[in-house]
Amino acid sequence: MNKAFVREQDSDIRHCPRCGSLGQPVGESTLNHWLTADAREELGDRAMFCPLPACSTAYFDQFERMVSIDQLQQPAWPKSMEAPLCACFGLTADDVDADIDENSVARIRSIVDRSKTPEARCQTLAANGQCCVAEVQRYYIKRRGASGS
């Protein structure tokens, strides 16, 4: 068959070109907050965040342009385990672990409550542009299961 009549498969702009993980869409405010000026020039107004911790790509766009985690203004969860789980209020993995050790959910409950206030600016401050509550809960369940509590 003549190649002129064969449609080439469109690249899947929703998946990270490096690792294939499903990206999380982010907007201009997130990119402006997280990227250095040089890295910001590499992407348009919209991009995707690669959530796979082991992947060195932070953001990518529909043209498969990529920005690495080295080009971020600061470490971001889940790319760095030292970064806060909650970029708005600074809740860390150590805080969640402390709740587990104390058989409490005080810190987690506080974040859930604060995430509903105007102080929460997740769309800008979170590297993936999303509220941290689901990620905090995932981390809590994973760690609690690992500790046998």
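A short reminder: the numbers here are calculations on the coordinates, not readings from a lab. Given the structure is predicted, the values throughout are model-derived calculations rather than measurements. Positions of Cβ are backbone-derived with ideal geometry, glycine not excepted, and every protein chain shown enters the neighbour counts.
Quick look at the numbers
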item: Whole-angstrom gap from region 94-118 to region 10-39, using each part's C-alpha centre; result: 29
item: Kirkwood estimate for the chain, i.e. one over the average of 1/r between Cα atoms, Å; result: 16.6
item: log₁₀ of I(q)/I(0) at q = 0.13, 0.25, 0.26 Å⁻¹ - region 81-149, Debye sum with one point per alpha carbon; result: -0.33, -1.11, -1.18
item: Separation in nanometres of the label points that stand 7 Å from Cα toward Cβ, at GLU82 and ASP101; result: 1.9
item: Alpha-carbon spread of region 44-115, three principal axes, descending order, Å; result: 47, 23, 18
item: Two-site label geometry, GLN74 and ARG114: point separation in nm, points 7 Å out along Cα→Cβ; result: 1.3
item: Simple spin-label estimate for ALA37 and ALA146 in nanometres, 7 Å along Cα-Cβ; result: 4.0
item: The chain: calculated mean residue ellipticity at 222 nm from DSSP helix runs of at least 4, using -39500 (n - 2.57); result: -8500 deg cm²/dmol
